[in-house]
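Encoded as structure tokens, the structure appears first; notes follow it.
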Amino acid sequence: MIAFVSGILEQITEDSAVIDTGGIGYEVTVSQDVISRLPSVGDEVKLYTHFQVTQDAFRLYGFLSRDDLAIFKRLITVSGLGPKGGQAILSVLTPDELRFAILSGNVKAITAAPGIGKKIAERVILELKDRFSDDELTGGITTGGDAARIPLSEDDPGKEAVEALVALGYNAQEAMRAVRSAAGGQEGLDVENLLKAALKELM
């Protein structure tokens, strides 16, 4: 198994990156989101990879973070959703956003990915909701530059604030981003103050 590929970014194509690792060039299939965040050709890069063997090809799929890779591995266990579909979903949703979409049953958020229809999105929610642990699904929203977290336990203000924003008509992704930004590494905010701050972010 190839856990990651690290080296000089030699080439970027429409759907892949070629990385020179000391004289050997690895072609890694990546999403458009990853392509948009790659460094310039000639710079160093590290991609966390999933190695897939099929009847007619060996292929590496690459991601810029371990979390993206871990979620991708879960996605491709969904029946009818292959690696291309998994990468498409992660092109429009961060791992945190996808977890929340699964938790809240937000089919619309998942169908925002190119090529992902309602039936596949419903299957992602149905199959993965049971496969994620409670900690993974409600573990938290990453905030601020210091990677502080807003736990999403049942009585946590972060979770309540997100749910309140969704009830007001905002979609789950907008709500989560606003709460994340409003928290900004601050601790001890109650639901009311967190909700007020999040609403300001949305105005």
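The values are calculated or read from the model by the stated rules, or taken from the named source; none is laboratory data. All figures in this text were calculated on a predicted structure; none of them were measured in a lab. Positions of Cβ are backbone-derived with ideal geometry, glycine not excepted, and every protein chain shown enters the neighbour counts.
Within the stretch 46-69, being crowded, with 20+ Cβ neighbours inside 10 Å, under 18 Å from ASP20 (Cα atoms) and either free of Cβ contacts under 8 Å to residues at least 40 places away in the same chain or more than 19 Å from the chain's Cα centre (by Cα) (or both) holds for HIS50, TYR61, PHE63.
Report yes if THR77 is within 11 Å of the chain's Cα centre (by Cα), in the same structural domain as ALA112 (by TED's automatic domain parsing) and of a type outside the set (Lys, Arg), otherwise no. Write out each step before concluding.
Details: within 11 Å of the chain's Cα centre (by Cα): no; in the same structural domain as ALA112 (by TED's automatic domain parsing): yes; of a type outside the set (Lys, Arg): yes.
In short, no.
If you go through the stretch 66-86 and keep only what is within 15 Å of ILE35 (Cβ to Cβ) and out of contact with any helix residue (DSSP H, G or I) (no Cβ under 7 Å at 6 or more places or on another chain), you end up with just LYS84.
State all residues of the stretch 1-20 that are of a type in the set (Gly, Ala, Ser) and in a strand (DSSP E or B); if no residue qualifies, say none. Correct list: SER6, GLY7, SER16, ALA17.
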